[in-house]
Amino acid sequence: MTTERPGTTPTLPISYLFVPGNRPERFAKAVAAAPDAIILDLEDAVHPDSKAAARAAIWAWQESSPNVSCQRYIRLNSVGSEFFRQDLKWLEDMRYPQRCSGIFLPKAQYGEGLSEVVERLLAWRPGLKVVAIIETARGLHEVESIAGIAGLSRLAFGSLDFSLDINCSQVPEAFLFARNRIVLASRTAGLPAPVDGVTPAISDLAAVKHEAHYARSLGFGAKLCIHPGQLRTVQQAFLPDAHQLAWADRVMQAVASGSHAVQVDGEMVDLPLIEHAQRLLDVASLYGEPAKADAC
């Protein structure tokens, strides 16, 4: 699946694949794995001694790769850090800013300071997609004001850093309040459904599938990935499968006469379910093929 099509507006990514910025040999391979977006990482995946080399590698790849089959994001270092100040100067000196689809801002915590950063980034590249990652207790406490920042495009949940910050276990129960609040803040601010955090189990696709479906059930619309092998499973989890689309078709056929209360498969369907059926069909039309119901 790709989300950049010639002559069209890119659709919203479902799968975002992290690539360490200091591993340029992986950039093209990451694109070839067909994520909706790659995230060239300058933060956690890059040792402090390698930050400058990572910037140089990303710059060189941006210069030499005018066209790729997915959206390109860069994750900068934490706002307020010396590395972040270096990142901003590096960005503003970069040629071809249009080759950068968006920026991920990690450890977003204070709405007021973040607003100035978003404004500066948009001045560098109008139309830039800026994603704020909520991954601390302070960030969650401020999430409504962060979501309301003018120009912000989406929220993401950094579950691993969040668990470290509040010293909790990495289990669904510990993250439920944070996930719910991020979804609600996104909705009230008029943002797209947020992006869920990574699944550390690289080769356990059953775990990836379970966590992706769980996030989707809470209202998330995408997921961060750390390995190409996770991509297809994540994409399938967030798209309607063939069974759901068949149900949606039956619903829309049943209401074609104009009724908002009909029976489908022996169950009553009224307006909220009709709108849900139409949404499933719209998503499938936007992203292409339906997910396979039995995929891992």
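Just report the Cα centroid separation between region 17-76 and region 180-234, whole Å. A separation of 21 Å, based on Cα centres. DSSP beta bridges confined to the chain are antiparallel in about 10 percent of cases.
Placing a pseudo-label 7 Å from each Cα along the Cα-to-Cβ vector at residue 171 and residue 242 gives an inter-label distance of 3.8 nm. Along the axis of the charge dipole computed for the chain (Cβ charges of +1 for Lys and Arg, -1 for Asp and Glu, origin at the Cα centre), the listed residues 237, 255, 114 are led at the positive end by 114. The slack between residue 122 and residue 93, meaning 0.36 nm per residue of separation minus the straight C-alpha distance, is 9.0 nm.
A helix-only calculation puts the chain at -13500 deg cm²/dmol for mean residue ellipticity at 222 nm, using -39500 (n - 2.57) for each DSSP H run of at least four residues, averaged over all residues. Other residues lying with their Cβ under 12 Å from the Cβ of residue 66 contribute a combined charge of +2, Lys and Arg counting +1, Asp and Glu -1. Distances between placed amide hydrogens fall under 5 Å for residue 36 paired with 14, 15, all partners being 5 or more residues away or on another chain.
Note on residue 189 and residue 257: with the Förster distance fixed at 41 Å, the Cβ-Cβ geometry gives a FRET efficiency of about 0.60. The Cβ shell under 14 Å around residue 111 holds other residues with a net charge of -3, Lys and Arg each +1, Asp and Glu each -1. Put in line by how crowded their Cβ is, counting other Cβ atoms within 10 Å and starting with the fewest, 265, 41, 282 read 265, 282, 41. With charges set only on the Cβ (+1 for Lys and Arg, -1 for Asp and Glu), what does the dipole of the chain come to about its Cα centre, in debye to the nearest 20? Roughly 660 debye for the chain. Every Cα-Cα pair of region 156-296 was included, and the share exceeding 19 Å stands at 58 percent. By the beta-carbon count within 10 Å of each Cβ, the least crowded to most crowded order of 122, 176, fewest first, is 176, 122. Simple point charges give the picture: +1 on the Cβ of Lys and Arg, -1 on the Cβ of Asp and Glu, and for region 215-296 a dipole about the Cα centre of about 360 debye. By the beta-carbon count within 10 Å of each Cβ, the least crowded to most crowded order of 100, 70, fewest first, is 100, 70. Say the cut-off is 21 Å between C-alpha atoms; which of 51/209; 29/89; 107/223; 107/209; 51/89; 29/129 go over it? Result: 51/209; 29/89; 107/209; 29/129 exceed 21 Å. Peptides 252-258, 108-114, 233-239, 127-133 ordered by packing proxy, namely the average of other Cβ atoms within 10 Å per residue, highest first: 233-239, 127-133, 108-114, 252-258.
Normalised by residue count, the chain yields a Cα convex hull volume of 142 Å³ per residue.
Readers should treat all values here as calculations from the given coordinates under stated rules, not as data from a laboratory. These numbers come from a predicted model, not from an experiment. Here Cβ is always computed from backbone atoms with ideal geometry, including for glycine, and neighbour counts include all displayed protein chains.
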